[in-house]
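Undergrad: This is the structure I want to talk about, given as structure tokens.
Please treat every number below as a calculation from the coordinates, not as lab data. This is a predicted model, so every value here is computed, not measured. Quick reminder, even Gly has a Cβ in these numbers, built from the backbone with ideal geometry, and neighbours come from all protein chains shown.
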Amino acid sequence: MVRVVATPVFTPGAGTYSAPQTVTISDATPSAAIYYTTNGTTPTLNSTLYAGPITVASSETIKAIAIATDYDNSAVATAVYTIAEPFAATPIFAPTPGSYTSAISVTISDATQGAAIYYTTNGTTPTASSTLYAGAIPVSATTTFEAIAIAPGYQNSAVATATYTISLTANQWTWMAGSQLTNQPAVYGTMGIPAAANTPAGRGGSAAMNGPNDSFWLFGGAQNLLGSPLNDLWLFNPNTREWEWVSGSNQTDSPGSYGTKGVFSASNNPSARSSVSGWADHNGSLWIYGGITPGSNGSGGPLNDLWEFDVSRQMWAWIEGTNEPGQHPTYGTKGVASPTTNPGGGTGSTSCTDNQGNLWLFGGGDYGSDQQIGNSLWEFNVTTSEWAWVTGNTLLNSTGEYGTQGVAATANTPGSRLGATCWGDNIGNIWLFGGDGFDNNVAQTVPMELNDLWKFNIATGEWTWESGSSTRNALGSYGTQGVEAASNVPSARSGVTGWADHNGNLWIFGGSAIDTANIDGTEPINDLWRYNPANGRWTWMSGSSTPDAPSVYGTLGVPAAANTPGARGSNTPWVDSNGDLWLFGQGDEYDGVGVTYGGTLNDVWRYQP
């Protein structure tokens, strides 16, 4: 009778384990020798002789046979061990997610030794390619974090989610970033990498654009009020309060690299310039137009070139206009878009977008026509890439046709001006306020400060004079701060900053304004005003009613009733998804100690209505 060796037995048995296992192999036949493999082959007498426990640290299959004298070999025993790596611990947020009435710092920790934490704030699931957590994160607006932990020898943790709802005290300013002092140099860091130390230089005449996910973009401007234009493009993240140098040069006076019109390229760059207009369309692209540049031939002058920046590809394309300064406008037929229609080279124009995402440009100094000021309103259709001359006339230094306040009319038109501000509302109107220009006085020969508020109905093509004076150098009527009144009105001013909030209200801040003590001149001011289009009334919300007020910075990132930006003009504004108003530095400012006028700042401020 043939005897067969007993089949080997594995201890522990085959299965799935979350840690390495020590496996023994035994056999019931006395004096049997056990041979095994771990490479998937059938074991034989020439395989590895089992001499003691086997450590299984990763998933593998063990096959074994037993051999004994006077016995037939045993059947092959097979055991499959699956070693599943444990999950890294889920990240923990501090403080506890919830609602807060002031800015906070959020930390993320993990109990798994050696774990790296990655997080997002834009609603996407974090991966190893997301932002690496490196320290406390300042949070000053409602933010949702998602985080994972990744560690050697572990599976990625579950995604931890934390939402912090920041409900700051209304009507307070917060100093968010930048220096308290004027004329600070830039810290560029490494292109494409945000960092806490990065910051643009103090500058004036930049273009500001809202980007996707509450990002703020800043282009160019003059590093000081005497010149030194830049072509650097910066991205500011309000959640981390970090700047990123995205494109352009870290030197002043850089020439442009235009490439082929309409073609995006990594080598394209607009030339250095100040007094530049900027927009962001509904597709997330950024646009800039014109400004004062050194020029490709070494002589400075105003440009009429239009550029688009593709945020996803981070490339510029030269879309319209010429690459040389001093070009005259090509008006074409009023109201008709055309490939040959183009605004002239200019500076100090005001720009905004409508509710369709098209670009609008009003007025400005037309240096291509003997350094005078225009009152033309232009529209650029981002779909057809064509300009249209919409209203105004071809004569420069034109007086305004006010008509009757509150009544739209075809004959109405604002006078020529520069340094105004404009907004596009959600119902198809373009709004225009103030500037340095011409009122309804035909005898006026030089531009002066204005405080008139205009509304342009895109559908009807008619202007309406809504508020303010029809004559130059009008004084303000402040009333009581925080109280809306029919008699309230801001003083005449230029270089004014403007926003439209999510409720349809219009806001203006600062500029160079006429005041009671200096009726024949202007001084920088820091008053903040809100206009309610529903009832046509202004409210003085914060700041001083007299010029030259210094900044009160308080504590970085902490709102306070006493905080306020100093008197300044020509700031770069944007509005975040929470409806908070933001502005960046710019020129003709008083710094934190109130003794420096005529410098440029790089501070960032937020105001919660």
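Undergrad: Shape call for the stretch 92-166 from the C-alpha gyration tensor, a ≥ b ≥ c root eigenvalues: rounded (a/c under 1.5), prolate (a/b greater than b/c) or oblate?
TA: Numbers: a/c = 2.29, a/b = 1.86, b/c = 1.23.
Note, shape of the stretch 92-166 comes out prolate.
Undergrad: Right, something else. Working out 0.36 nm times the residue gap between Asn171 and Asn381, then minus their Cα-Cα distance, what length gain in nm do you get to one decimal?
TA: Once the chain is fully extended between Asn171 and Asn381, it gains 72.0 nm.
Undergrad: According to the Kirkwood expression over distinct Cα-Cα pairs, how big is the hydrodynamic radius of the chain, in Å?
TA: 27.5
Undergrad: For the pair Leu556/Ala57, report the inter-label distance in nm, with labels modelled 7 Å from Cα in the Cβ direction.
TA: Calculated label separation equals 4.6 nm.
Undergrad: Find how much the distance from Asn283 to Ala94 grows on full extension, using 0.36 nm per residue of separation minus their present alpha carbon separation; answer in nm with one decimal.
TA: The Asn283-Ala94 span can extend by a further 64.5 nm.
Undergrad: Same structure, new question: List the residues, sorted by chain then number, that are 5 or more residues from Glu401 or on another chain and whose placed amide H is less than 5 Å from its amide H.
TA: Result for Glu401 returns Thr413, Gly415.
Undergrad: Can you list residues whose amide H is under 5 Å from Glu449's amide H, if they're 5+ apart or on another chain and H is modeled 1.01 Å from N?
TA: Gly437, Asn473
Undergrad: Which shape class, rounded, prolate or oblate, goes with the stretch 9-83 when its Cα gyration tensor gives a ≥ b ≥ c as root eigenvalues, a/c under 1.5 marks rounded, and past that a/b bigger than b/c marks prolate?
TA: Prolate.
Undergrad: Which whole-Hz ³J(HN,Hα) couplings does the stretch 423-435 yield from phi under the Karplus relation 6.51 cos²θ - 1.76 cosθ + 1.60, θ = phi - 60°, glycine and proline marked x?
TA: Calculated HN-Hα couplings, in order: 9, x, 8, 8, 10, x, 10, 10, 10, 9, 10, x, x Hz.
Undergrad: Could you order peptides 463-470, 54-61, 323-330 by the average number of other Cβ atoms within 10 Å of their residues, highest first?
TA: Ranking, from highest mean packing down: 463-470, 323-330, 54-61.
Undergrad: Now for a different question. If R0 is 51 Å, what FRET efficiency do you get for Thr16 and Asn532 from their C-beta distance, rounded to 0.05?
TA: 0.15
Undergrad: Taking a ≥ b ≥ c as the square roots of the Cα gyration tensor eigenvalues, with a/c under 1.5 meaning rounded and otherwise prolate when a/b beats b/c, else oblate, which class fits the stretch 198-343?
TA: Oblate.
Undergrad: Next question, about the same structure. Using the per-residue mean of other Cβ atoms lying within 10 Å as a proxy for protection, in what order, highest first, do the peptides 163-170, 357-364, 276-283, 307-314 fall?
TA: Ranking the peptides 163-170, 357-364, 276-283, 307-314 by packing returns 357-364, 276-283, 307-314, 163-170.
Undergrad: Using label points projected 7 Å from each Cα along Cα→Cβ, tell me how many nm separate Thr24 and Asn393, to one decimal.
TA: It works out to 10.6 nm between the two label points.
Undergrad: Once you place label points 7 Å from the Cα toward the Cβ at Met191 and Asn46, how far apart are they in nm?
TA: Inter-label distance under the simple model: 6.3 nm.
Undergrad: Sequence-distant or interchain residues sharing an amide H contact under 5 Å with Ser105, placed H: which?
TA: Amide H to amide H, under 5 Å and 5 or more residues apart or across chains, Ser105 pairs with Val139.
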